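K.L.:
Starting off with a structure, shown below.
Each value in this text was obtained by applying a stated rule to the coordinates, not by laboratory testing. Source: prediction; values computed, not measured. Backbone-built Cβ (ideal geometry, glycine too); neighbour counts: all protein chains shown.
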There are 2 protein chains.
Amino acid sequence: HSHQKRNYKPPRGLVQEKMTENAVFSQNMVLTIDTMNPNVKKVEYAVRGPIVQRAVQIEKELREGVKKPFTEVIKANIGDAHAMGQQPITFFRQVLALCSYPELLKDNMFPEDAKSRARRILQACGGSSLGAYSASQGIDCVRQDVARYIERRDGGVPCDPDNVYLTSGASDGIVTMLKLLVCGEGASKTGVMISIPQYPLYSAALAELGAVQVNYYLNEEKCWSMDLSELERSLAEARKHCNPKVLCIINPGNPTGQVQSRQCIEDVIRFAAKEHLFLMADEVYQDNVYAEGCQFHSFKKVLFELGPQYSNTVELVSFHSTSKCYMGECGFRGGYMEVINMDPEVKAQLIKLVSVRLCPAVPGQALMDMVVNSPQPGEPSYTTFMKERTAILSLLAEKAKLTEEILNTVPGITCNPVQGAMYSFPNISLPQKAIKEAKALGQAPDMFYCMKMLEETGICLVPGSGFGQKDGTYHFRMTILPPTDKLKLLLAKVKEFHQKFTRQYS
Amino acid sequence: HSHQKRNYKPPRGLVQEKMTENAVFSQNMVLTIDTMNPNVKKVEYAVRGPIVQRAVQIEKELREGVKKPFTEVIKANIGDAHAMGQQPITFFRQVLALCSYPELLKDNMFPEDAKSRARRILQACGGSSLGAYSASQGIDCVRQDVARYIERRDGGVPCDPDNVYLTSGASDGIVTMLKLLVCGEGASKTGVMISIPQYPLYSAALAELGAVQVNYYLNEEKCWSMDLSELERSLAEARKHCNPKVLCIINPGNPTGQVQSRQCIEDVIRFAAKEHLFLMADEVYQDNVYAEGCQFHSFKKVLFELGPQYSNTVELVSFHSTSKCYMGECGFRGGYMEVINMDPEVKAQLIKLVSVRLCPAVPGQALMDMVVNSPQPGEPSYTTFMKERTAILSLLAEKAKLTEEILNTVPGITCNPVQGAMYSFPNISLPQKAIKEAKALGQAPDMFYCMKMLEETGICLVPGSGFGQKDGTYHFRMTILPPTDKLKLLLAKVKEFHQKFTRQYS
């Protein structure tokens, strides 16, 4: 294996810890960093970026016996509940097992409602198998169950299953919608308004599609609320150089954890109607609302309550997922989107587009069905289901409170209440000397801070710069998902680290 | 619900059978057929196109009691084995059930090897749950098992698990690779060479990415083989107007069912090396080889056997899937790709790109693991596994033969041997009068033919025009997947229809 000869260039980045056997470093290669799609190069995704890659390396070093000032890496970088020890909902997994291996339907160990649910799903599958392709839009009966769920959630506002598309997680739906919406070049290129801080899927998808990212800033002083005046400023600015057509909202907020008021949602809808914007509402945390006085309001419900001049005209798509809420089933990549007021010709195009990828994974579709049609009072699995669901959501509410409280005891850290979702996004004061040192290294100051924290404490957070923030402010995102004991340890370590860091660079 | 007022335009296409309640037909909409991404409009995907949509409608009409000259629709349009009644492999589904609901590990009903496999997969998952995100490249131990499988398959040619990326079916991998490769504008726009006939995922992905589709024609007279001279012609032509960088091969062939000879693969590799082309080898039918004297040769194995001047320089990616072969598990969307001689900097970009979508569905990854690491002699599940696998592959071989034989008895239909994969792609002679009538309707003649066959017989095939074919030739693709009885019925009906159609238009 002596191919690493010609034109050797040391690789950039952190990933290439190991040179692969077949690597050839040749100017004659077809696909190189210089010849590849430049839009892909512009993509960034902090949630699995350099910090996380370094965390994986450190874990490996620990296993290999390398001495560190800590014994384990605590990952609070990603909303991955099961990885943090949360147990799956029993009913969901029973039905999945039954669907996977229908021989189990003969067994007496499963409750009747799990069996009848599995039978219902299997009947809707080709050849009664999870292994058949489904319709590209998703299994009919699952879309019907989604529609009924939305109607119940929204106090009876009607939902047509034809408007429901099952997806591979919410990310898939968001990217698909952006693909439909983005076009044009130069000043007529599509602009997409996204909140800053944002979930970096948005910026990544926009970079890949070559669309214009139009930032509007959330108001940190007012608990990360959306200000109408800021939306107006952002839009007016964008209209000077692109064609802003889309407004994206994440509610409850990621990474910022706010829950929008009904008034705010009304304002946003009126704004979209007036300014002729397509609304994309990322509502994957709809069950994750913890703070007193806060409540989840779906964009669709508010839209319909504003009356027909809005509900007949404003174009809206809402996204949901099996990955968050109380179930946290990220690995199954289940999700749906509902489109409102979509041109039927565009719907035909959307169906064509999703058919190229054949269908979302069928186990994820089955899981989505259980989420929107969970056990009901009187059914054998109801009591256990409710106990499990309530326990998970109460614990999350506790940890949201705990996180906010402890972080706010640290001088130099200011943390808004975690009203919902799964994250806190505290503001951190960094000494000038640290900022200077980071800049000398070509790093964002909060990346420098988080990387140092990882090396010294084993705690893996994501720097605010990965989500976007007002110039001159610094943050990190941490999930509230670690088990309570570990979360307390993590918060104590963050506190200690921040104080030490501040002393060191003052 | 009276919103369907303003500027009503009747919808195009076949999809909008039903007007949705919220539909608004307004020139003021943000997203319309005229304002949407024009690349998406260019996408076509015949395998789930108008014929299939009409078939679904007809099924509904039959259920509603509408009288037809047939009682059921027989779908031979898509390689969906389970939908056609093929049973899943017991071992695979046992392990999936155990992974979904690990309580079952306590049960005595499962063989020990299924249990130990489930434990191994769960240990590799965050929180020992299929519900945790995996690494974006795929679960480590699954990638290791894939690497060992490839080494066994290729007679010991080494495979580095770092070169293996798990995907959501092969489609996902193909689109991801094309995303990396496609760039440029005008005469420097990336050209991608694809076989004609092709599997329409390729044309669809190229349309979406705005790349240049470069056609090379397979030689129908020589059993759909690849001719070097045709590759040269196609490339020379393409170089006049774009930058051809990629050569895609499907072996065994879809829709054409040929299995390439070792010599042909050598020729293609030498051609790619000489002409500086990146090779994409779609090898999802690698177990589906039926004809005597035919054998599957992986591009990677042949590449390495050609010696270091090729194996150290030619850039190759090979795709595999859980959807085809003997398992036919389409619904799980499992797959992998192996990259050879990829620039490490590009690999880092690839990892970043896949991380945006977080990970392929974990149940599909688990299934891929079982496919590449199936029960071994001496293990409790081995006998049943081999019995099931052999039965499925023998039956497919029988049906391949049967299809070819019966089709070739029809005057006006000429069918190459179905050497491999799951399809026959016979040449059909259409009378001039039929061609004229089709053209008057704005339809491809073989679309006209297939649509008529569907309406009169209930048989759902895909016209050759959906895959591409030489001008003036006509074909259809049919799968060999229906159960033998139904396949015989289908072939008899095709025969009868073709004769009637020919009489009618002569």
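K.L.:
Shortest first and in nm to one decimal, what separations exist between B:GLU437 and its copies in the other chains, measuring from label points 7 Å along the Cα-to-beta-carbon line?
P.N.:
Relative to the other copies, B:GLU437 has label-point distances of 8.3 nm.
K.L.:
State, to one decimal in nm, how far the label point of B:ASN28 lies from the label point of A:GLN87, with both points 7 Å from Cα in the Cβ direction.
P.N.:
5.5 nm
K.L.:
Moving on. When each copy gets a label point 7 Å from Cα toward the beta-carbon at B:GLN263, what are the spacings between them in nm, shortest first?
P.N.:
B:GLN263 label point versus its equivalents elsewhere: 8.2 nm.
K.L.:
With θ set to phi - 60° and the Karplus curve 6.51 cos²θ - 1.76 cosθ + 1.60, what are the ³J(HN,Hα) couplings of region B:124-140 in order, to the nearest whole Hz, using x for Gly and Pro?
P.N.:
Per-residue couplings from phi come out as 7, 9, x, x, 6, 10, 4, x, 8, 4, 9, 3, 5, 6, x, 4, 3 Hz.
K.L.:
Follow-up. Per the Kirkwood formula on distinct C-alpha pairs, the Rh of region A:88-132 is how many angstrom? Walk me through the numbers before you get to the answer.
P.N.:
Working: mean 1/r = 0.0965 Å⁻¹.
Answer for region A:88-132: a Kirkwood hydrodynamic radius of 10.4 Å.
K.L.:
Would you work out the relative contact order for chain B, in percent, from Cα pairs under 8 angstrom that are 6 or more residues apart?
P.N.:
Working: 873 pairs, mean separation 100.5, N = 506.
Here the relative contact order equals 20 percent.
K.L.:
Need one number for the protein assembly as shown: average projected area of the convex hull over its C-alpha atoms, nm².
P.N.:
On the way: hull surface 159.9 nm².
Taking the Cα atoms of the protein assembly as shown, their convex hull projects to 40.0 nm² on average.
K.L.:
What percent does the relative contact order of region B:218-276 come to when contacts are Cα pairs within less than 8 Å and at least six residues apart?
P.N.:
Values: 28 pairs, mean separation 19.1, N = 59.
Computed value for region B:218-276: 32 percent relative contact order.
K.L.:
Count neighbours as other Cβ atoms within 10 Å of each site's Cβ, and list the trypsin sites (Lys or Arg not before Pro) in region B:25-115 that are DSSP loop with at most 10 such neighbours.
P.N.:
On the way: sites: B:LYS41, B:LYS42, B:ARG48, B:ARG54, B:LYS60, B:ARG63, B:LYS67, B:LYS75, B:ARG93, B:LYS106, B:LYS115; in loops: B:LYS67.
The qualifying sites are B:LYS67.
K.L.:
Could you calculate the contour length gain from B:GLU103 to B:ASP140, that is, 0.36 nm times the residue separation minus the distance between their Cα atoms, to one decimal place in nm? Write down the numbers at each step before the final one.
P.N.:
Numbers: separation 37, 0.36 × 37 = 13.32 nm, distance 2.43 nm.
Contour length minus Cα-Cα distance gives 10.9 nm.
K.L.:
Follow-up. Report the FRET efficiency, 1/(1 + (r/R0)^6), for A:GLN432 and A:SER188, where r is their Cβ-Cβ distance and R0 is 35 Å, rounded to 0.05. Mind dumping the intermediate values first?
P.N.:
Numbers: r = 43 Å, r/R0 = 1.23.
So the FRET efficiency works out to roughly 0.20.
K.L.:
Suppose R0 equals 45 Å; then what is the FRET efficiency for A:LYS486 and A:ARG270 from their Cβ-Cβ distance, rounded to the nearest 0.05?
P.N.:
Numbers: r = 44 Å, r/R0 = 0.98.
Given R0 = 45 Å and the Cβ-Cβ separation, E is 0.55.
K.L.:
Then there is this: Cα-Cα over 26 Å: which of B:LYS68/B:LYS488; B:LYS41/B:LYS352; B:LYS300/B:LYS470; B:LYS452/B:LYS486; B:LYS324/B:LYS500; A:LYS42/B:LYS347?
P.N.:
Values: B:LYS68/B:LYS488 21 Å; B:LYS41/B:LYS352 28 Å; B:LYS300/B:LYS470 30 Å; B:LYS452/B:LYS486 20 Å; B:LYS324/B:LYS500 34 Å; A:LYS42/B:LYS347 15 Å.
Pairs exceeding the cut-off: B:LYS41/B:LYS352; B:LYS300/B:LYS470; B:LYS324/B:LYS500.
K.L.:
Something else about it: Loop-only check: which trypsin sites (Lys or Arg not before Pro) in region A:422-498 are DSSP coil with at most 16 other Cβ within 10 angstrom?
P.N.:
Values: sites: A:LYS433, A:LYS436, A:LYS439, A:LYS452, A:LYS470, A:ARG477, A:LYS486, A:LYS488, A:LYS493, A:LYS495; in loops: A:LYS470.
Hits after loop and neighbour filter: A:LYS470.
K.L.:
On to the next question. Taking H as built 1.01 Å from N, whose amide H comes closer than 5 Å to the amide H of B:HIS475, not counting residues under 5 places away?
P.N.:
Residues meeting the criterion, in which the H sits 1.01 Å from N, are B:ILE428, B:GLY464, B:SER465.
K.L.:
For region A:176-328, state the average projected area of the convex hull of the C-alpha atoms over all orientations, rounded to one decimal in nm².
P.N.:
Numbers: hull surface 36.0 nm².
With the hull built on Cα positions only, its mean projection is 9.0 nm².
K.L.:
Moving to a separate point now. Ignoring the sites themselves, what is the longest stretch of chain B with no GluC sites (Glu not before Pro) in a DSSP loop and at most 10 other beta-carbon atoms within 10 Å? Could the numbers behind the result be given before it?
P.N.:
Working: sites that count: B:GLU64, B:GLU185, B:GLU292.
That would be B:293-506.
K.L.:
Please compute, for the alpha-carbon atoms of chain B, the extent along each of the three principal axes and give them in descending order in Å.
P.N.:
61, 59, 58
K.L.:
Between A:GLU221 and B:LYS222, what is the spin-label point distance in nm, taking each point 7 Å from the Cα along the Cα→C-beta axis?
P.N.:
Reported label-point gap for A:GLU221 and B:LYS222 is 7.7 nm.
K.L.:
Modelled label-to-label distance, B:VAL56 and A:GLU292, 7 Å Cα→beta-carbon offset: nm?
P.N.:
My value for the distance between the label points is 5.0 nm.
K.L.:
Mind listing the label-point distances from B:GLY65 to the same position on all other copies, shortest first, one decimal in nm, points 7 Å along Cα→Cβ?
P.N.:
8.0
K.L.:
Also, quick follow-up: Just want to confirm a number: the relative contact order over region B:87-132, from Cα pairs under 8 angstrom separated by 6+ residues, in percent. Let's see the in-between values first.
P.N.:
Numbers: 27 pairs, mean separation 17.4, N = 46.
Once divided by the residue count of region B:87-132, the mean separation gives 38 percent.
K.L.:
Continuing with the same structure: Within region B:257-298, whose backbone N sits under 17 Å from a point 7 Å along Cα→Cβ of B:ASN408?
P.N.:
Of the residues in region B:257-298, B:257-259, B:290-294 have backbone N under 17 Å from the label point off B:ASN408.
K.L.:
Quick check: Cα centre of region B:387-443 to Cα centre of region A:333-351, how many Å?
P.N.:
35 Å
K.L.:
When the helix-only estimate is applied to the protein assembly as shown (DSSP H runs of n ≥ 4, each -39,500 (n - 2.57), divided by the residue count), what is the mean residue ellipticity at 222 nm, nearest 500 deg cm²/dmol? Write out the running numbers ahead of the final one.
P.N.:
Values: 34 runs with 414 residues, N = 1012.
Value at 222 nm, helices only: -12500 deg cm²/dmol.
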